[in-house]
1. Just give me a number: lysine pairs in the chain, eight or more positions apart or cross-chain, with C-alpha atoms less than 21 Å apart.
2. If I build a Gaussian network model for the chain, linking alpha-carbon pairs within less than 10 angstrom, which residue out of G290, G263, G170 has the largest mean-square fluctuation?
3. Computed from the mean reciprocal separation of all distinct C-alpha pairs, what Kirkwood hydrodynamic radius does the stretch 28-109 have, in Å?
4. Along each of the three principal axes of the Cα atoms of the chain, give the extent in whole Å, ordering the values from largest to smallest.
5. 5 Å is the cut-off here: which amide hydrogens, built 1.01 Å from N in the peptide plane, fall below it relative to S139, excluding neighbours closer than 5 in sequence?
6. Any chance you could list P(r) for the stretch 34-170, counting all Cα-Cα pairs in 5 angstrom bins from zero, rounded to whole %?
7. Sort E120, E169 so that the residue with the fewest other Cβ atoms within 10 Å of its own Cβ comes first and the one with the most comes last.
8. Working from the alpha-carbon coordinates of the stretch 150-256, get Rg over Rh, Rh being the Kirkwood radius.
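Read-outs: derived from the displayed coordinates by stated rules, not from any lab. For clarity, every value in this text was computed on a predicted model and none was experimentally measured. Virtual Cβ from ideal backbone geometry, glycine too; neighbours counted across all protein chains shown.
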Amino acid sequence: MTHSEAMGDGDGPCPLMANYGAPPVLFERGQGTELWDRDGRRYLDFLTGLAVVSLGHSHPVVAAAVAEQASKLQHTSNLFANEHQAPVARTLDALITGTPGPGPRHGQVLFQNSGAEANEAALKLARKYQGRGRHVVVSAFRSFHGRTLATLAATGQPEKHEPFQPLPEGFRHATWNDVDEFAAALDPTVGAILLEPLQGEGGVNPASPEFFAGIRSLCDDRGILLILDEVQCGLGRTGEWFGFQHFGIEPDIVTTAKALGNGMPVAAVWARADVAAAFKPGDHGSTFAGQPLALAAARATLEVMQEIDAPALARSTGAALADGLSTLARVNSVRGLGLLLAVELDRPVAKSVGAACLDAGLIVNALGDTSIRVAPPLNVSSAHVAEALAILGTALEES
Ligand SMILES: *Cc1c(COP(=O)(O)O)cnc(C)c1O
């Protein structure tokens, strides 16, 4: 299929940049874990738009909140307040700190529109807080923090840097799970360490139990801020509200985005109150950020997630899914947390298995040559889990 055909536009020059390659399917409709393409074929979505649609497609409560807000008020800019910002910020603060109400651990929230923008804002906040001369950020190899120039520089994948050099300076990388290497990368110019709680795009790589405790004490000893990129792990996906809550540590800054609006673009940066205070009026901004339409989606998403106890669902369904995956042909091991899982295969067939699954009506994601990532809705039914395991199992047997 040509790029133009894939985009659903028939012949003639394609009006879209080929940045994403030729998409294999054009979807028209979704409900819960199911999607339908333009020919009416049904698929099970075990990727959820890259860990975004955590409550399933077209969730009725989120859809109703968006529809109502769209006909009430969509946008006013940050020159004015809106009714959703404070409640959403308060909920995020309670979920991040693990306690509602005021107290010394509480922080404040700044809304953004995407994961990269949330990380970009976090990087600027860390610079402002630490002051000139302490601008360097250390992150991990194989990390993913976004595609803007600064978040690309923070992303620990040198091959992604190459076409865009020179990147902004002030970024260093150390080996994931290696506290000694992080310690060796520190000097007085380092103001922050930026880490995912579990590396998502880089291969679903879990942290060792000691890693985050070691990083936290390095940061404490040297006055370095610990920024946790929870853009993919946050909001229940890993079986806790936030990934760092698996490790018993407290972050200084947290970014979140993907699942926050269940598909509406909305992101947030949370920071400890004294760090948050470094941003003064005019330091940072975004025209769209925090607008009523996106925040209505976030508010409804958080309400439903709390009502259904999304982290508990991710834990229980994640355990069942991991068990099922571990029994499939060609699967050497299963890694990940909650409902952010990857299988390691005994041979490099991930891409062809991913394509075979799609042909058979299951969306999963090949990560490199030997891994497949699964990230279904947190409220996926056990019937859909069984159906997905059967499709994936057959594709693996036939690979
Ligand atoms: C997806 C992702 C980002 C980038 O988010 P965008 O919304 O695509 O800009 C940043 N960090 C992590 C961990 C991600 O998974």
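1. 4
2. Largest GNM mean-square fluctuation: G170.
3. Mean inverse Cα-Cα distance, inverted, gives 15.9 Å.
4. Rounded to whole Å, the extents work out to 56, 52, 46 Å.
5. It is R172, H173, A174, L194, by chain and number.
6. Histogramming the stretch 34-170 at 5 Å steps yields 2, 7, 10, 13, 16, 16, 14, 12, 7, 2, 1, 0 percent.
7. In order of increasing Cβ crowding within 10 Å: E169, E120.
8. Computed over Cα atoms, the ratio is 0.95.
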